[in-house]
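To start, the structure itself, in C-alpha cells.
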Amino acid sequence: MRNWLKKMSLMTIIMAVFLAVIPITASAASMVKVTIDGKAVSFDVSPQVINGRTMVPYKAIAEKLGGKVKFDQSSKKATITKDTNKIELAAGKKTVSVNGKSVTLDAAPVNAKGDLLVPLRFVGESLGVWVNWNAKQNTAALLTKKTITHSLGTTTLNSVPKRAVILFNGSVDISVLLGVKPVGAVESYVQQPFYEYIRPSLIGTKTLGDETQPNIEAIVALKPDVIIATKVRHEKIYSQLSKIAPTVVTEDLADWKDNLQVAASVFNKEDKAEQFLTDWKAQVADFKKKLSAKDRGAEVSIIRINPNGSARAYNSGFAYQIFEELGFSVPKQQAALKQELVTVTSKEQVSLLDGDYIFDFTTDWDGDGAIFKLQKEWIDSPLWANLKAVKNKKYYKVNAVTWNLSGGALAAEKMLNDLYFYFDLND
C-alpha cells in the first residue's frame, strides 16, 4: 500500500509539472500569428511564447522578406544577409552581430528544427521592417513599407530609416530617448553643439545649423533616408526637403507627446514610446495626488526677460502644456487678454506677470550674461517686490533648456522632476 502511494505521489508530481508547463507553451505557440504586409504567413516552426516573450522563426521570416540564409547545423549558427544587412547569431547566445556590431538580445535564440526562434522586436531592428504586436489577437504584424500621415501630407518609407536627419530640438531629444542616433541634427540654441543633457548620445552626429534655418547643402551631403521636420519651422522648405529624402512633418513644435509618437512610428520604436508615456501618466497621477490642496489649480505664471528689455508671459508652448496637464491655471489677468504670448514692456505693467507661482526661464542667448543684467533690473524694481508670488517666496528661476528650449520627452521628464522640488513633494 505504501509503495502504491509513493508511486501515485510521484505520478501526481509529474502530471502537475506536465500540465503546468507543456500545455501552456503549446497553446501559446498555436495561437501566435504572423502577418507580412497584411497577409497571414505560416512556418514549419511555429512562433512561441517563451518566458513571456514572443519568439519567432528568424530564418523563415528573413527568407520571406527576401533575405538569404546560411545555417551551420553543427554550430547552430545562422548568417542572414538582406540588402546591405548582415546578421550573425547562434542558439543560446544573447550577443549577436548586426553589420559587424555586437547587439544584446532580450532573450537568447532558441534552436528549433533547423531554425532559430528570436525575440520578435529583433526582427524589425535587424531586417529593417516595422513590427507591431497585437496582444488581443496574438498577432505580430510586419510591414515592409509604411505610409506616415503628417501635417503636410503623406510620406511612404520603404524600410525602417537608418540615416535620419532631425530638424528641431524637441525631436533631437526624442531621438535620444528612442535610441536612434541621427546622422545629422540642428544644433541647440545654447550649449552648442547639443544640449549637455543629451550630448553624450550624439557624438558623431553632424550639426546642421539653427532649426529656423537648417543648412540644406549639409543635409544633402549626409544622404539621409528620412528627415523629421516641424510645420512652424519648415513648412516653407518642405518641398526642398522632400526632394532630398522622405520627409515627415509634425504639427506642433511644443506637443512633445505627439512628436514622440510620430518619431516612434517612423523608427519602429512604438514599444519604447508607449512605455515612456505609461510611466509619464503614472508620474503625473503621483504628482497630482501628492500636491497639497492649497496648490491644486494654482495660478502659474511662466515668464522670461527678453534681450530687448521687455518681459513675456507664456500662455502656450511646452511648459504651459505640462502645467495644464498637471491641473494648474493661467493667472486671471493674463487669461483676460486672450493672448498666447503676453508682452510687458513697462515695469508699471509688471502685475501682468504675477501669479501664485512665477517660473522664470530667462535665457542667456549670447552666453555673455547681459540678459541677466536686464533680469536684475526687473527684480530690483519696487513694483516687482509687490507681486504676490514674490512676497510669498514663490518666484523661481528655472532651467531654460529643459523648461523651454528643448521641448522633448526627456526634457518634459526633467521639468516634472523639478516641479516635485518646487512644490516640496519629494519624499
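Nothing in this text is a laboratory measurement; each read-out follows from the coordinates by a stated rule. Just so it is clear, the structure is predicted and the values come from calculations on it, not from any experiment. Note: ideal-geometry Cβ built from the backbone for every residue, glycine included; neighbour counts use all protein chains shown.
Here are some notes:
- Cross-link partners of K136 among lysines, defined as those whose alpha carbon lies under 17 angstrom from its own and excluding same-chain residues fewer than eight positions apart: K33.
- Residue-by-residue Karplus 3J(HN,Hα) for the stretch 348-357, coefficients 6.51, -1.76, 1.60, Hz, glycine and proline x: 5, 9, 4, 4, 5, 8, 6, x, 5, 10
- Distance (nanometres) between label positions extended 7 Å along Cα→Cβ at S329 and L383: 2.5 nm
- Neighbour-count order for F421, F359, fewest beta carbons within 10 angstrom listed first: F421, F359
- Helices meeting the span-like rule in the chain (full DSSP H runs, Cα extent of at least 27 Å along the helix axis, mean Kyte-Doolittle score of -1.0 or higher): 2-31.
- Counted over all Cα-Cα pairs of the stretch 146-268, pairs farther apart than 23 Å make up 18 percent.
- Sequence-distant residues sharing a close amide H with V249 (under 5 Å, placed H): S151, L152, A229
- Taking other C-beta atoms within 10 angstrom as a stand-in for reagent exposure, I305, I216 fall in the order I216, I305, fewest first.
- Equivalent-ellipsoid semi-axes of the stretch 180-334, from the Cα gyration tensor, Å, largest first: 33, 21, 15
- Once backbone amide H atoms are built at 1.01 Å from N, I36 has V41, L142 as its partners under 5 Å, excluding neighbours fewer than 5 places away on the same chain.
- Fraction of the pair-distance distribution of the stretch 280-422 above 22 Å, Cα-Cα pairs, percent: 37 percent
- A straight line joining the Cα centroids of the stretch 281-297 and the stretch 108-148 runs 39 Å.
- For the pair K93 and L341, the difference between a 0.36 nm per residue extended length and the Cα-Cα distance amounts to 83.6 nm.
- Cross-link pairs K39/K162; K338/K393; K59/K145; K181/K223; K146/K414 - those with Cα-Cα distance over 23 Å: K39/K162; K338/K393; K146/K414
- Rg of the Cα atoms in the stretch 25-142, relative to 2.2 N^0.38 Å, amounts to 0.97.
- Where trypsin sites (Lys or Arg not before Pro) in DSSP loops with at most 10 other Cβ within 10 Å are excluded, longest remaining stretch of the chain: 137-337
- Taking amide H positions as modeled 1.01 Å from N, with prolines and chain starts lacking one, the residues under 5 Å from T54 and 5 or more places away or on another chain are L120.
- Residues of type aspartates and glutamates that K236 reaches as a straight line, Cα spacing below 17 Å, ignoring anything fewer than 8 places off in the same chain: D210, E211, E217, E251, D252
- Shape call, the stretch 235-319: gyration tensor on alpha carbons, a/c limit 1.5: oblate
- Segment A40-D279, length gained on full extension (0.36 nm per residue, minus Cα span): 82.7 nm
- Ranking of V186, V103, V160 by count of other Cβ atoms within 10 Å, fewest first: V103, V160, V186
- Only helical runs count toward this figure. For the chain, summing -39,500 (n - 2.57) over DSSP H runs of n ≥ 4 and dividing by all residues gives -10500 deg cm²/dmol at 222 nm.
- Two-decimal Rg to Rh for the chain - Kirkwood Rh, Cα set: 1.09
- Taking 12 Å as the straight-line reach from the Cα of K94, the aspartates and glutamates in range (excluding those fewer than 8 positions away in the same chain) are D106.
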